[in-house]
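*Asks:* Supplied in structure tokens, the structure appears directly below.
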Amino acid sequence: YLVGFTATNGIASNGSITLTGPSGTAFPTTATDYTVDGTTVSSIVTGGGTDSVTIANPSGAISSSATVTVNVIGVTNTKTTGSNVLYVSDSTDQAPVSTPSFTVATEVTGLSGPNPTSLASGATANYTYTFTTSSTGALTANTGGIVLSAPTGTAFPASATDYTVNNVAVATLYTVSSGTCTATTYSSPAASVCIVTPVAVADSSSVTVVVAGVTNPTVPS
């Protein structure tokens, strides 16, 4: 992780910086996996291996309003997919402030689909996708997102009730940007859609997504 922030009131040479991630995040336990403004951290004050870590400032006194960059190698991401934020505070400015949001995704294996019920150009068809989550790819019910993308011209339906995950009806859809879920409600048919899973899916588990009423792309004659 690369985190930048402004030390509003400065940080003393014996001060500290605290990073807090979403639940399930695990910051590394080795101090040398952290740098502050390019200087390797010598000690972790508390929280290595958890979602909130405090590191000793290795850089000497940092002046007020200075920009500080913390680099962390080997963070384990949360399993909560979708939009997340980190919180940063220091021993002088103790009120945490949030970073810009970032998106956590998960890998899948054994993907099969879309297996449309019709291959006709421009036809309406049902699509079925099956895949297996990775060994760290569990999805939380009503939080985890599944992105479906198809060729340009495909139109996934705008109604959540046209989608099921493991035979359970979906309640929420979001748009997709750069291959990841956004926080914008999906309301206009497009070639990519983010499905919020209505059921929990464990690590290394099979998932079946069925979409009714997809419009196939039109193939020029």
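The values are calculated or read from the model by the stated rules, or taken from the named source; none is laboratory data. Keep in mind it's a predicted model, so treat the numbers as computed, not measured. As a convention, Cβ positions derive from the backbone with ideal geometry for all residues, glycine included, and neighbour counts pool all protein chains shown.
*Asks:* Which one is surrounded by the fewest Cβ atoms within 10 Å (Cβ to Cβ), of the residues in segment 1-33 that are among the hydrophobic types (A, V, I, L, M, F, W, C) and closer than 12 Å to residue 72 by Cα? Even if it seems obvious, please write down each step before you answer.
*Replies:* Step one: list which residues in segment 1-33 are among the hydrophobic types (A, V, I, L, M, F, W, C), which gives 2-3, 5, 7, 11-12, 17, 19, 26-27, 31.
Retained after the next criterion (residues that are closer than 12 Å to residue 72 by Cα): 2-3, 19, 26-27, 31.
Working: 2: 8, 3: 15, 19: 25, 26: 16, 27: 24, 31: 16.
Across segment 1-33, the extreme among qualifying residues is 2.
*Asks:* So if I check each of 204, 188, 178, which one is under 23 Å from residue 107 (Cα atoms) and exposed (fewer than 12 other Cβ atoms within 10 Å of the Cβ)?
*Replies:* It is 178.
*Asks:* Scan segment 173-221 for residues that are modelled with pLDDT of 95 or more and aromatic (Phe, Trp, Tyr) and jot them down.
*Replies:* Hit for segment 173-221 is 186, nothing else.
*Asks:* For a quick check of your reading: which strands (runs of 3 or more DSSP E) sit entirely within segment 21-72 and have at least 1 residues that are of a type in the set (Phe, Trp, Tyr)?
*Replies:* The qualifying strands (runs of 3 or more DSSP E) are 34-36.
*Asks:* Further, regarding this structure: So residue 67 passes all but one of these: (1) in contact (Cβ under 8 Å) with a residue 12 or more places away in the chain; (2) under 25 Å from the mean Cα position of the chain (by Cα); (3) surrounded by fewer than 17 Cβ atoms within 10 Å (Cβ to Cβ). Which condition number does it fail?
*Replies:* (2)
*Asks:* Condition (residue is surrounded by 13 or more Cβ atoms within 10 Å (Cβ to Cβ) and assigned to a loop (DSSP other than H, G, I, E, B)) applied to segment 117-125: is it met by at least one residue?
*Replies:* Yes, segment 117-125 has at least one match.
*Asks:* Quickly run through segment 153-172 and pick out the residues that are at pLDDT 95 or above and surrounded by 15 or more Cβ atoms within 10 Å (Cβ to Cβ).
*Replies:* 154, 155, 156, 157, 158, 160, 162, 163, 164, 165, 166, 170
*Asks:* Another question about this same structure. Of all residues in segment 102-152, count the ones that are among the aromatic types (Phe, Trp, Tyr) and either closer than 14 Å to residue 79 by Cβ or at pLDDT below 90 (or both).
*Replies:* 1
*Asks:* In this structure, does residue 95 turn out to be in a loop (DSSP other than H, G, I, E, B), in contact with a strand residue (DSSP E or B) (Cβ under 9 Å, 6 or more places away or on another chain), surrounded by 12 or more Cβ atoms within 10 Å (Cβ to Cβ) and not acidic (Asp, Glu)?
*Replies:* no
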